[in-house]
1. Only residues that are free of Cβ contacts under 8 Å to residues at least 12 places away in the same chain and within 20 Å of I58 (Cα to Cα): list them for the stretch 80-114, please.
2. Please indicate, with yes or no, whether at least one residue in the stretch 116-138 is among the aliphatic types (A, V, I, L, M) and within 15 Å of V202 (Cα to Cα).
3. With the requirement that a residue be open to solvent by less than 30 Å² (accessible area, probe 1.4 Å) and of a type outside the set (S, T, N, Q), what does the stretch 129-143 give you?
4. So which residues in the stretch 211-227 are among the basic types (K, R), at pLDDT below 95 and surrounded by fewer than 21 Cβ atoms within 10 Å (Cβ to Cβ)?
5. Please go through the stretch 91-112 and give me each residue that is part of a helix (DSSP H, G or I) and either open to solvent by 20 Å² or more (accessible area, probe 1.4 Å) or of a type in the set (S, T, N, Q) (or both), ordered by number.
6. Counting just the residues of the stretch 179-210 that are in a loop (DSSP other than H, G, I, E, B) and over 19 Å from V251 (Cα atoms), which one comes out least open to solvent (accessible area, probe 1.4 Å)?
7. Look through the stretch 116-171, keep the residues that are of a type in the set (V, I, T) and not in a helix (DSSP H, G or I), and return whichever of them is nearest to P255 (Cα to Cα).
8. So which residues in the stretch 147-191 are among the basic types (K, R) and either under 21 Å from L103 (Cβ atoms) or under 22 Å from the mean Cα position of the chain (by Cα) (or both)?
Amino acid sequence: MAPRSALLGCGFLVILLAVVFPPLDAASKAINQELSDLFNELWKLDVNRMKPGTDYTISVQGKAGYVSQGSNHARDHASSPLFSNVNENKLKTITTFSRFMKLLDNYERSTGVAEHVSREEVTENNLFLDAVLNTEVMKRAHRYLVSKGHSQSDLRTFKRQLYTIWFDLYYRSGSKDSCGFEHVFVGETKFGNEIAGFHNWVQFYLQEKSRNLDYKGYKARDHDIPDQDDHVLNLQFSWHGLVKPVGSAFVGASPEFEMALYTIIFLANTHRSTTVVVNIDECQLEVVVVRHGRSIGTAYPKLLSSNNRHL
């Protein structure tokens with residue numbers, strides 16, 4: 001087994017699937033204690049969360065090399081998939097996961113291609129939101145947002161608000177070609193040349209299983225060598241022939257946990273881009289949310305420290 005690393009102990013797996021991040025000094029960041037307390041409460045309420053080593057197993061393999069942004073050439077340092085095992089029965093029987101997965105094939109992959117949402121897809125969106133709203137995680141998030149004046153107590157009004165944030169289409173590349181859900185949870189390509197978004201572990205697993213995605217290896221500092229029990233992993237991968245040098249996402253967490261977290265930050269601020277620093281379980285994270293009008297443009301976590309190193 002590889003040495004235990006500072007990437008361990010967050011209670012969830014964060015795969016860096018977003019952008020290349022410079023080194024960050026966790027001690028210099030101001031902690032949002034109110035949101036830290038709230039997010040830890042949501043974490044404890046997330047009974048649908050998958051557990052590493054029990055519900056899924058990863059194989060981190062070799063360390064990936066440097067790839068410049070925009071390049072689609074990467075040496076493969078992982079001969080096997082990242083996910084060697086996932087409890088698909090749980091994915092199919094937990095309502096939020098099963099309804100979440102039905103949404104993943106509803107979108108055009110490339111930006112610049114207009115989306116056309118069918119009645120069936122609208123129904124699928126609503127059924128997914130119904131399942132999310134029925135969880136203790138989103139119920140607690142709703143109560144918090146009402147207490148802050150960011151949402152109405154009426155459940156149907158709150159559901160419409162969530163639909164606008166996550167599913168209303170907007171113009172990203174010249175046409176109504178994107179929405180928050182697609183970018184964050186499904187992934188897009190910029191005119192077929194570059195991967196954008198793609199911050200979700202279930203989509204990663206399913207695309208890897210379908211051989212549309214090839215894991216290239218982990219990314220870490222020399223003293224942060226990960227193993228299969230680690231809760232945080234930096235990595236590199238290709239998707240439909242395009243390479244993602246590095247990026248970020250929760251892995252193992254339920255869709256309702258991620259959606260609640262990002263929605264709270266989105267509604268608590270009116271800035272185009274908002275970054276909050278929070279402690280969740282044994283990790284310190286920056287959570288970044290970028291708005292696109294009344295909807296989410298992107299959202300992802302950035303790991304600052306783990307295994308309580310920030311304490």
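1. Listed by number, the residues that qualify are E88, N89, K92.
2. Residues of the stretch 116-138 that are among the aliphatic types (A, V, I, L, M), as a first pass: 117, 122, 127, 129, 131-133, 137-138.
Narrowing the set further to residues that are within 15 Å of V202 (Cα to Cα) leaves none.
Among the residues of the stretch 116-138, not one is among the aliphatic types (A, V, I, L, M) and within 15 Å of V202 (Cα to Cα), which makes the answer no.
3. Looking only at the stretch 129-143, we keep the residues that are open to solvent by less than 30 Å² (accessible area, probe 1.4 Å), and these are 129, 131-133, 135, 137-138, 141-142.
L129, A131, V132, L133, V137, M138, A141, H142, listed by residue number.
4. From the stretch 211-227, those among the basic types (K, R) are 211, 216, 219, 221; that's our starting set.
Still in the running and at pLDDT below 95: 216, 219, 221.
The one that is among the basic types (K, R), at pLDDT below 95 and surrounded by fewer than 21 Cβ atoms within 10 Å (Cβ to Cβ): R221.
5. The answer is K92, T93, T95, T96, S98, R99, M101, K102.
6. Going through the stretch 179-210, the residues in a loop (DSSP other than H, G, I, E, B) turn out to be 179, 187, 190-194, 197-200, 210.
Restricting the remaining residues to those that are over 19 Å from V251 (Cα atoms) gives 179, 190-194.
Details: C179: 0, K190: 97, F191: 129, G192: 39, N193: 96, E194: 55 Å².
My answer is C179.
7. Result: T135.
8. Listed by number, the residues that qualify are R156, K159, R160, R172, K176, K190.
The values are calculated or read from the model by the stated rules, or taken from the named source; none is laboratory data. The shown structure was predicted, so the numbers you read here are calculated from the model rather than taken from an experiment. Neighbour counts are summed over all protein chains in view; Cβ atoms, including those assigned to glycine, are modelled from backbone coordinates with ideal geometry. The area values use the complete protein model at the heavy-atom level, side chains included, leaving out ligands, DNA and RNA. Shrake-Rupley method; radii C 1.70, N 1.55, O 1.52, S 1.80 Å.
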